[in-house]
Structures are given as C-alpha cells and as structure tokens.
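As structure tokens, the structure follows; a few thoughts come after it.
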Amino acid sequence: MRYSAIALAFLLLGCGTGTSSLPKITPAATSATGSPLPDLQPRLDAIGVLLTDCAARLRGEPVAPADNCSHVMPDVTGVVDEVEKQAAKLPPAGQAALTDVRRQLAEIGPCEPWFAAGGVSGDGQLHARCKKAWDALYKGYNAVRNSA
C-alpha cells in the first residue's frame, strides 16, 4: 500500500511537469485588496485554472467526455455574468476584454466536437474558427481576470 502511494505521487508529479511550458491564466501583480472586484477574485482564479487545464488537453488527441473542455464553458459564462453586473467598476481595458470574452463564448458554442477531438477537426473551417475562438477566449479571459 505504501509503495502504491509513492508510485502514485511520482506519477502525479510527472504528469504535472509536462504542462509547465503552457501559458497560465495568472493574477496580475495587484493584490485582491487593490482589485475593483475583490469578491470575485476566488472564482475568477478558479475558472482561470480550469481554462489553463483545458489548454493542456487541446493537443490533438481525443479526450474523454468528462475532460471535454466545452463542459467548462457554462462555468466561464457564469463568472463572466457576475463580472458584467459590476463592469462599471472595471477599467476601460477590462470592459473591452469582457465584451470580447462574451463574443468568444458565443462563437465557441458550436465547437464541442472540436473540443472532444482534443482541439482538432477534419473540417478545416471548423478547426480554424474554433482554434481562433479558443485562443481569443483564453487571452480575453486572462485580460478580464487581470483587470478585475
């Protein structure tokens, strides 16, 4: 039993090191106390972690239904809805990023097959559209997170 736990720890450690070169959605240098939306910081950070984890899954290999990143989009939408209610508190760049994220969430809607295939599609148009929407969503969410 003890050896199993040690082996599992090494396995988890090994799996975690493979994604270290991926970009991460991380908090800006300002602290939560200097944030215009300090009450939303924990949720914004948690969704950022989920999106960062999704980036690791989009490597062109099919993923299990539970790992399909389209399942994260309702959570992203929920936190974006909460930020929008307080958008007047954000700086202009944050408000613009919020608008971009909302647009990208609408554009990423038909991309579930693309997510299920690990971020690829035999349909070149679908692939290009979904990759562009994903990249923009990821970048926009990071901007929203850092402005909040």
Taking 0.36 nm per residue of sequence separation and subtracting the Cα-Cα distance, how much length would be gained by fully extending the chain between Ala66 and Asp135, in nm to one decimal?
22.7 nm
What does the charge add up to near Lys132, with Lys and Arg as +1, Asp and Glu as -1, over the other residues with Cβ less than 13 Å from its Cβ?
+1
Once the in-chain neighbours fewer than 8 apart are removed, the aspartates and glutamates whose Cα is under 15 Å from Lys89 read Asp39, Asp81
In a shell of Cβ-Cβ distance under 10 Å around Cys69, excluding Cys69 itself, what net charge do Lys and Arg (+1) and Asp and Glu (-1) give?
-2
Once a ≥ b ≥ c are taken as the square roots of the eigenvalues of the Cα gyration tensor of the stretch 76-133, is the result rounded (a/c under 1.5), prolate (a/b larger than b/c) or oblate (a/b not larger than b/c)?
prolate
Grab the Cα-Cα distance for Leu126 and Lys85, subtract it from 0.36 nm times how many residues apart they are, and report the gain in nm with one decimal.
11.5 nm
Neighbours of Ile47 by Cβ distance under 11 Å: Lys/Arg at +1, Asp/Glu at -1, summed charge -2
What distance in nm separates the two pseudo spin-label positions at Arg43 and Ala56, each 7 Å out from Cα along the beta-carbon direction?
2.5
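Read-outs: derived from the displayed coordinates by stated rules, not from any lab. Since we're looking at a predicted model, the values are computed, not measured. Cβ sites come from the backbone with ideal geometry, for glycine too, and all protein chains shown count toward neighbours.
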